[in-house]
Structures are given as C-alpha cells and as structure tokens.
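Written below as structure tokens is the structure these notes are about.
The values are calculated or read from the model by the stated rules, or taken from the named source; none is laboratory data. Note that the structure is predicted; figures quoted are calculated from it, not measured. In case anyone asks, the SASA skips ligands and DNA or RNA and just uses the protein heavy atoms, side chains included. Shrake-Rupley method; radii C 1.70, N 1.55, O 1.52, S 1.80 Å.
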Amino acid sequence: MTAPTSSASYDVDALRSRFPSLDPAGPGGGWALFDAPGGTQTPREVGEAMAAALTGPLSNRGAASPSQQLAERAVVDFRAAVADLLDADPRGVVHGRSATALTYDLSRAMARTWQPGDEVVLSRLDHDANVRPWAQAAERAGAVVRWIDLDAATGELRVDQLGELLSDRTRLVSVTGASNLLGTRPPLRRIADAAHAVGALLWVDGVHATAHELPSLRTSGADVWVCSPYKFLGPHCGVLAADPALLETLHPDKLVPSTDAVPERFELGTLPYEQLAGVTAAVDVLAGLVSASSSAQGSRRERLAASFAAAEAHEDRLRHRLEEGLAELAERGAVVVHSRAADRTPTLYFSTPGRDAAAVSAALAEHRVLAPAGWFYAEEPYRALQRAAALDGPGIRVGTAPYTSDDDVTRLLDALRSAL
C-alpha cells in the first residue's frame, strides 16, 4: 500500500510553535510524545481563552452586566462550537465533568425507562467507561446484557453478530467510534441502521474517534455522541451531543430550583465558564489547522472538514512509517502488533514477547520518548486478547496527534530498536 502524502497546506512546525509544552527550551522540551490517546497537549490559545474567562469580569449568567453577559456568551459559544464539531444541534449539547461522568448520568436516566427482560447490547471493543455504566444500569433495571465480540486475530468488531443479538426487546446499543486501545473503527452506520430497525438507540463513545476523524452525529446514525475535549487539544471535561427531542424524554435527578430546560437539566450546578471557553478555543484551533489553504474558507464546519482532512492525511502518513518500523521489529520477534483492523486510527498497540512492557516503556523514556505501557481502561478488548492467547501481559500503546512530527517518529523507532 502506498502511504498517503501530507497536505502542502499542513505546517506541522507552525502548529507545534503554538504549544508551550512542545517548546524545546521549556520543561517538556526535547520529548517525543506518543501518549495522545490518553490526552493531547494544549495550545496557547486554549490556555489564554480560559484565563480570559476566569479573569472576566465574570458572574453567573445573565444580561444586566458585562460580567453576566460574558458568562452567557461562554455558554452560547461553547454549544455552537461543539455543535459545529459534531454536526449536531447546539440545543442538544451538554457539558459534563468527563465522558465517564456523562455516561453514568445518562445511563441512570435512560435505565429508568427500561423494564425487566429488556436488552442492552455492549461491545468487547470498548473502553470500560462505555461498558460498566450500562452493565450496572442494566443489572439494576433487570435488563439483559448481550455482547458483540471482538475478533482478536483481526482486531475487528464482530458486527456480523448483530442479527442474532438484536430483538424487539433491545433498548440500547452502545459502541465505540474507535478503540482507544487498538484504534479499530467499527462501521457505525451499519450498526446504527441495525439498532434503529428494532427501535433501539445507538450510543457512541466518540472519545478516541473525535480526535482523528471529523464526526457527524447526523450521518453516523448515532443518537448520542459523547467525547472528551482534552483528547483533541482542549481542557479536561466531557461533552455530549444528542437530538434535543431525545433529551426531553430523559429526566435525571436534579435540584428543585434548577431549570428543567434541555440541555441545562443535565448540567448540575454552575457551569465552569473557563472550561467552556477553552473548548470553544480548541475547536477554533482545529478549524484553523490549514487556515492558509483556499480549501479552508467558509463556515466553521467547512473549515473543520478541511483541517481534519489535512491532519488525517498527516497522521496516516506517520502511521505508515510506524507500521513499517514495527514490521521490521516483528520480523525478528521483538514485537507483536495487535492493531490490525482494516479501518483504524493512528494508534498502535503492540506487545514485546519475553520483555516486560513497562520495562521497555521505561527504556524508551530514557531516550526522552513517552510511550506508555498498560491496557488503558480498555478492559474488554484487553481480556479478549488474553483469552485468544494473543497477549500474556500489558503491551505498549503509541498514538499520534496533529502536532506529531516526522522527527518524533524517527526517535521512537530508533529508541525501540535500541531497547529491543
């Protein structure tokens, strides 16, 4: 396969200059960072936007004073930015402390509508944040949990099982948009169509997917999309997007005086306006990755599409380089690569037969290369790999970000060759 070429309008050096943490003279300078699946670095614009919101003037939302108006503007801008990013209705955008917290909150609200004998379909590909909340909610409601299996040999989700898993008792199908461990991207539209055919909802954990491919709540078929801005250059929080009409049917626990309007009924307490401003700034940074390109004109959604296309081409090219280097190591038995799906993000998970992965990760760190070892809360796919005898212990995960450079990839591969 021929590796895709990088877009001429995509300037990685210029992008890296916007990240204080990547400054060679700074405290984090000189490190090649491959921990993006766990959280990206943050550009200067995001930090400045958060500081500006905090230092205000700032009050609770209202219209009477500049301080109130700025708070209101932070909320409105946040919902509009996330809606543009996810191709959603801003009236259905919810802020949360984290994607995990949002999933727990909404799972409890949804489970109130379930009856004993109802069914929930979960995936062996998913991060535990998109498994345990639903399994626990189903247990409390007396609902039955059914599982879509993972083919450990290919890294693919067994979507061929949907016909036997779904029924008129299925209330929810919950699946990842992309695996945070293997990078596998399952066919969401196919899953959505199958779920909707039996009257079920599709919940998508888009935490890993959103960082690597521009999402669309509408075209993916997802009824709910949840993600984490800190995985795509923003602050640590969670966001959720859904049809406002769907959110109107859900009734979470809330304080008596707090509004029952959607989406505010799901946002407990005073919103963190500085976080909202940071998310808006992160979306704007993403929309401007190829701002010098003639293809990057138009609405923010159109600019996001151009930027994501350029970033995806850049990261796919780096992934091909990584895969070629890992293939050389695999030929001599030094690594086994488990990220094998046909459609996947630039995230690679590999084991090191005969070597403790944590020790290898520590050896890489001596070369100022960050490539963590573990299974990263991806309990189900990790156990599936173990059951298939593909793993006898944790592996190493490496993933790129829009700011990852060719030099970073060279340093990682050189450090692996030295360590193994």
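What the phi angles of the range 325-338 give under the Karplus curve with 6.51, -1.76 and 1.60, with θ = phi - 60°, is a coupling list of x, 5, 4, 4, 5, 5, 4, 9, x, 7, 9, 10, 8, 9 Hz, glycine and proline written as x. According to the Kirkwood relation over distinct C-alpha pairs, the hydrodynamic radius of the range 183-313 is 16.6 Å.
Accessible surface computed residue by residue for the range 312-383, with neighbouring protein chains in place and a 1.4 Å probe, gives 41 Å² per residue. The candidates MET50, MET110, arranged from most to least accessible area with a 1.4 Å probe in the full protein assembly, appear as MET50, MET110. Phi angles across the range 167-183 convert, under the Karplus curve 6.51 cos²θ - 1.76 cosθ + 1.60 with θ = phi - 60°, into 3J(HN,Hα) values of 8, 6, 9, 6, 9, 8, 10, 10, 8, 7, x, 6, 6, 6, 9, 9, x Hz, Gly and Pro given as x.
What fraction of the DSSP beta bridges in the chain is antiparallel, stated in percent and rounded to the nearest 5? Display every interim value, and only then the final one.
On the way: 19 of 38 bridges.
Here the share of antiparallel DSSP bridges comes out near 50 percent.
For TRP31, TRP225, the ranking by accessible surface with the largest value first comes to TRP31, TRP225, using a 1.4 Å probe. For the range 166-228, with all protein chains in place and a probe radius of 1.4 Å, 51% of the accessible heavy-atom surface sits on carbon or sulfur.
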